[in-house]
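**Student:** I have a structure I would like to understand better, so I am pasting it below and will then ask my questions one at a time.
All of the numbers you see were taken from the coordinates with simple rules; none came from a lab. Note that the coordinates shown come from a computational prediction; the quantities given were computed from them, not determined experimentally. Backbone-built Cβ (ideal geometry, glycine too); neighbour counts: all protein chains shown.
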Amino acid sequence: MRGFLASSIGVTCAAALALPLTLPSSGARAATPAAPATGTAAEAVPGSTQSLPLTPFGSDRSLGSAAAREQGLAQRDVRPFSLVGVVWDNPEAELHGTVQVRTRATGTTTWSGWQDVETHNHEHAADPDTPERGTGTVRGSTAPLWVGDSDGVEIRVRAEADADAEAGAGAGVEVGADAYANRAATEGPLPKGLRLELVDPGEEPPPQGGQAEAPRATAMTVESAATSAVNADLAPLGAAAIPELTKQQTEDDLIAVRGGLEAVGKARPYVGPRPRIITRKGWGADEKLREKDFAYTKTVKAAFVHHSASGNNYRCSQAGSVLRSIYRYHVKSSGWRDFGYNFAVDRCGNIYEGRAGGVAKPVLGAHTLGFNANSMGIAVLGTYSSSTPPKAAVNAVARLTAWKLGLYGANPRGTTYLKSGGGNLYKKGENVRLRVISGHRDGFATECPGSRLYKKLGKARSTSARFQGR
């Protein structure tokens, strides 16, 4: 069935499993549909995480980690990994300083040069006072950095020389020197509990055949079946990809779900053609990592564009491995309930399903601190502060937003209002006017999505509106 998932706007999903007749209210969680096991063979749990505590360096050794201004690890052999990041105990604390790593390619004696890790990642998180934020498992974290297949690592973390004069600007931290001094008195120059996370993405999933072909039943677990079931109006259960539709097909399906052309005022809806979307099954997500339930918000009024800040040293054929690594880092290292973004886009323009719950539904993400409700987050894989994003990636953002925003009646060239959940630009409860397609920095003081990608959002807006027929 090529419909766009009828349950996303309040009717029964024509799937093999029973789904809710209406969407949960903002912030609510829907229990994962009960799914029968589709086979007796369980999926192997892919990947692993090594977590190594950092220690003081040089003259700081006698001070202990709480007072040290420089921490790290000397060169060492480790089990194979492909992605690195640093986490710490308090998610409200910021790491004012630099993080640099060197890695050794697996099976060689070749070490990379020092690579910078983006330290300001706290703005990608669940909103304050939400169940996901209040689990007690959430940690502060850097952005993840993709380094490729490696088996050796060295890291150094240095506090800024003038860190004591900096203001804490994170969620729940009052801006000002006094506020930072209070935080520094308990945290020290660097946050407490610094740990190096080394993530192995695991093996690639087996080939699935055609873009919407369902895998063998024995490859499905209960968790995988439940994740796939919420997309069952778009592709067969267990499909590796949701096929694209023409604009006419997409419009016809939307009109049918809304009760016919008479019900929509005799005017065809502004919606872009549905793009091909690689499912979580397609990129090999381990569904046992995430929390069992799905979380939804009310609608989708805006899209926030991000870059993953994970570096550009990946091939498009490796995008699944990058996604599995970031997913594991978000859940196992940072303590989030699932992958943070609703969608991801690689440099070749491939679109991927992100957080579980259904690509056509208003799934509550953890992408833009303060503005996760009634929005969606799209991460372009890579770092675009000084590198120009490929045209294919920008076009994919336009195609995706034309479709998804069109399902909810949003104009990509327009503006909308979102209520702030709290952050460093807007106080909690403030009604903020934002572009329907915004950059992360529009809702939070951050460099994300990188200045080069941010400059391309105007093009994405106009192209998205054109795809909608505006």
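**Student:** Beyond a 28 Å Cα-Cα separation, which of these cross-linked pairs lie in this structure: Lys281/Lys456; Lys192/Lys361; Lys292/Lys455; Lys419/Lys459; Lys419/Lys456; Lys361/Lys456?
**Tutor:** Where the Cα-Cα span goes over 28 Å, the pairs concerned are Lys281/Lys456; Lys192/Lys361; Lys292/Lys455.
**Student:** Taking the Cα atoms of the range 293-422, report the difference between the largest and smallest coordinate on each principal axis, in whole Å and largest first.
**Tutor:** The principal-axis extents, from largest down, are 37, 33, 26 Å.
**Student:** If amide hydrogens are placed 1.01 Å from N in the peptide plane, which non-local residues have theirs closer than 5 Å to the one on Arg355?
**Tutor:** Excluding prolines and chain starts, which carry no amide H, the hits are Tyr341, Asn342, Phe343.
**Student:** Between Lys192 and Trp114, what is the label-point separation in nm under the 7 Å Cα-to-beta-carbon projection?
**Tutor:** For Trp114 paired with Lys192, the spin-label model returns 2.9 nm.
**Student:** Using θ = phi - 60° and the Karplus form 6.51 cos²θ - 1.76 cosθ + 1.60, what ³J(HN,Hα) does each residue of the range 351-358 get, whole Hz, x for Gly and Pro?
**Tutor:** Couplings: 10, 10, 5, x, 4, 5, x, x Hz.
**Student:** Go through the range 131-147 residue by residue and turn each phi into a ³J(HN,Hα) via Karplus (6.51, -1.76, 1.60, θ = phi - 60°); whole Hz please, and just put x for glycine and proline.
**Tutor:** With the stated coefficients, the range 131-147 comes to x, 5, 6, x, 6, x, 9, 6, 10, x, 7, 7, 5, x, 10, 7, 10 Hz.
**Student:** Skipping prolines and chain starts, which residues have an amide H placed within reach, meaning under 5 Å, of the one on Val432, given they are 5 or more residues away or on another chain?
**Tutor:** Close amide H contacts, sequence-distant or interchain: Leu418, Lys419, Ser420.
**Student:** If each of Thr106 and Ser386 carries a label point 7 Å out from its Cα toward its Cβ, how far apart are those two points in nm?
**Tutor:** In this crude label model, Thr106 to Ser386 measures out at 3.0 nm.
**Student:** Would you please give the residues with an amide H less than 5 Å from that of Val271, counting only those at least 5 places away or on a separate chain, with H modeled from the backbone geometry?
**Tutor:** none
**Student:** Identify the residues of the range 431-470 with backbone N under 18 Å of a label point that sits 7 angstrom from the Cα of Ala267 along the Cα-to-Cβ direction, or state none.
**Tutor:** 465-470
**Student:** Still on this structure: If each of Ser51 and Asp89 carries a label point 7 Å out from its Cα toward its Cβ, how far apart are those two points in nm?
**Tutor:** Taking the simple label geometry, Ser51 and Asp89 are separated by 1.3 nm.
**Student:** Another question about this same structure. Quick one: what are the phi-derived ³J(HN,Hα) couplings along the range 402-417, Karplus 6.51/-1.76/1.60 with θ = phi - 60°, whole Hz, x for glycine and proline?
**Tutor:** Couplings: 4, 6, 5, 5, x, 4, 10, x, 9, 8, x, 8, x, 10, 8, 10 Hz.
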